[in-house]
Amino acid sequence: MAEPQGPVDENLEEEMEIESSEDTGPKYRLLSNNNPEPIQISQAALRQSKTWSTMVKRWGPHDPDTTVPIQVDTDFETLQRIVKWCEHHKNDEEPTEEELNATAIHLPDWDEENLSMDPSELYTLILAVTPLEIERLLMYACKMVANLAKGKTPDEMAIIFGIEKDPETEEEMMRKKQNKEELMEKAREELKKVEDSETEEKEDESITEEEGEEEDDKEAEGESSI
């Protein structure tokens, strides 16, 4: 049974074809996790990913056209965006340590325009790019997130990016249960103190009444003897 196909951005496909047509070298094929149609990427663009480069080196001498497609754990549209970026930057040198560790990141106009997308799509892009080790793309995408995060609380950012809170761990659940039991025990102790106090007050009142009755009896006996 064929998997459902993801949305196809025709404009994005056309731009990718223009970028890749400039490279007459061999093409590799990439597969998303929701579309059986492979996406071609040039050898130069492929080198933008350390993960893909390492994979190809391990294959040794081979014909890219006859190799099995490289499976990428992301959706078709996100893979299109990644390939488009790699084709545009295929002639770029690998980012230096100084560039990667810089506190101020310069975001080129082309990248800012092409990374301007729905926050949830940007989050999906970052998740896909991280294991592929496309360092400059990851750096630019994180810069876009930083721009979106200005003046926002962590909870507001989670809502913007559609990030669900992690479910409670067993340890956290046990801790909450223990805290609840401790509070219940304290409540029971306080209730017992109140009940004991009320009992003592009733006993004191009873003793006072008995003493009063005894005094009345003594007075009555004294009057009768006279």
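Read-outs throughout are calculated quantities, based only on the coordinates presented, and are distinct from any laboratory measurement. Quantities reported herein were computed from a predicted structural model and do not represent experimental measurements.
Please give the Cα centre distance for region 50-78 versus region 142-158, rounded to the nearest Å. Taking the Cα centre of region 142-158 as reference, the centre of region 50-78 is 33 Å away.
Dimensions of region 10-160 based on its C-alpha atoms, expressed as ranges along the principal axes with the largest first, amount to 51, 35, 27 Å. Of the listed pairs K50/K152; K90/K152; K84/K152; K90/K150; K50/K150; K57/K90, which have alpha-carbon separations greater than 24 Å here? With Cα atoms farther than 24 Å apart: K50/K152; K90/K152; K84/K152; K90/K150; K50/K150.
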